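Presented below is the structure to which this report refers.
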Amino acid sequence: MLLDFEKLGGLRPFLIGLTVVVCLFLILPIVFIAALSFGSSQWLIFPPPSWTFKWYQALFDDPRWLYSALTSLKIAAIVTVLSVVLGFLAAFGLNRGSFIGREALRALFLTPMILPVVVLAVALYALFLHLGLAGTTIAFIIAHLLIALPFSIISIGNALEGFDKSIEDAAILCGASPWEARIRVTVPAVSHGIFAAAIFSFLASWDEVVLAIFMASPTLQTLPVKIWATLRQDLTPVIAAASTILIAFTILLMVLAEFFRKGRKA
């Protein structure tokens with residue numbers, strides 16, 4: 001190997017220490033917000049004077065928070081399905097197709113990953129305002145789909161790159177139609193890419209706040225928007241409880257994705 005950790009000598013303690021510092025930098029804010037959600041104080045005070053579950057009870061007793069969470073789940077689920085289906089078709093065309101402008105089209109699909117989110121949000125808000133869709137579920141879905149689709153195209157495209165097309169051709173020679181071979185052979189073979197696309201698409205929608213702020217209305221808010229709006233009005237520990245649930249659900253999905261990846265390797 002070009003770099004062997006065992007042969008780095010004096011650099012090893014430095015790299016280990018740097019890794020620990022970076023991990024603490026990433027993990028400590030999550031630990032702090034989780035601890036604040038169990039604090040007994042009505043303010044965001046660390047360390048908490050004592051421990052309680054009352055902020056979670058207040059969260060689940062408030063229908064506005066529950067409605068925002070269900071709205072996030074609904075939008076993220078719809079976006080995930082659309083992103084995986086459209087992403088598979090786009091990745092399949094880009095992988096198998098041979099036409100002028102293919103790479104330019106690929107770059108166009110990936111533009112939302114490069115473009116600043118706030119620029120995209122302002123442009124979409126102006127468009128939806130003109131179309132009369134501002135503050136609607138359709139606006140949320142379209143906006144979130146734009147940022148989720150590149151993840152599907154990349155994940156499924158990489159899976160298709162590693163798929164041996166001769167297996168699909170063999171299925172066609174055995175009597176299957178081209179589409180039957182793709183559905184019964186290709187799709188299961190790239191299921192790991194489809195699963196990764198679904199996870200990333202869901203999280204892209206579930207955690208999105210900038211686009212959601214522009215798409216929201218007083219009666220339609222996702223959970224991140226509800227957290228942001230409440231944060232501007234009152235620093236209640238209920239915000240910490242909602243944030244902890246948001247983070248925990250995200251971590252759960254990432255753990256499931258890792259188990260799926262290890263299961264495929266086994």
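The values are calculated or read from the model by the stated rules, or taken from the named source; none is laboratory data. The structure presented is a predicted model; accordingly, all values stated were derived computationally and were not measured. FYI the Cβ positions are ideal-geometry reconstructions off the backbone, even for glycines, and counts take in every protein chain you see. SASA here: full protein model, heavy atoms, side chains in, ligands and nucleic acids out. Shrake-Rupley method; radii C 1.70, N 1.55, O 1.52, S 1.80 Å.
Before moving on, here are some points about what is shown:
- Charge-dipole axis of the range 111-266 as Lys and Arg at +1 and Asp and Glu at -1 on Cβ define it, positive-most pick from 198, 236, 152: 236
- Most to least packed among 78-85, 236-243, 55-62 [average Cβ atoms within 10 Å]: 236-243, 78-85, 55-62
- Calculated on alpha-carbon atoms, Rg and Dmax of the chain in Å: 22.6, 72
- The chain: angle of helix 237-265 to the longest principal axis, Cα-based, in degrees nearest 10: 30 degrees
- Shown for the chain: the carbon plus sulfur share of the solvent-accessible area, taken with all protein chains present and a 1.4 angstrom probe, equals 73%.
- Summed side-chain charge close to residue 96 - residues other than residue 96 whose Cβ falls under 14 Å, Lys, Arg +1, Asp, Glu -1: 0
- Size of the range 22-81: Rg and Dmax of its alpha carbons, in Å, are 15.2, 45.
- Total formal charge among the other residues, if their Cβ is under 12 angstrom from that of residue 216, Lys/Arg +1 and Asp/Glu -1: 0
- The long axis of helix 137-161 is offset from the longest Cα principal axis of the chain by roughly 50 degrees.
- Per-residue HN-Hα couplings for the range 25-32 [Karplus 6.51, -1.76, 1.60; θ = phi - 60°; Hz; x = Gly/Pro]: 4, 7, 8, 4, x, 5, 5, 5
- The long axis of helix 191-206 is offset from the longest Cα principal axis of the chain by roughly 30 degrees.
- Cα-centred dipole magnitude for the chain, charges only on beta-carbon of K, R (+1) and D, E (-1), debye, nearest 20: 100 debye
- Ordering 68, 31, 49 by Cα displacement along the dipole of the range 1-103 toward the positive end leaves 68 in first place; charges were set at the Cβ atoms of Lys, Arg (+1) and Asp, Glu (-1).
- Value of [θ]222 nm, deg cm²/dmol, for the chain, DSSP H segments ≥ 4, -39500 (n - 2.57) each, nearest 500: -24000 deg cm²/dmol
- For residue 39, the residues whose amide H sits under 5 Å from its own are 52, ignoring neighbours fewer than 5 places away on the same chain, with H placed 1.01 Å from N.
- Solvent exposure of the chain as accessible area per residue, Å², 1.4 Å probe: 58 Å²
- Fraction of the pair-distance distribution of the range 72-181 above 22 Å, Cα-Cα pairs, percent: 46 percent
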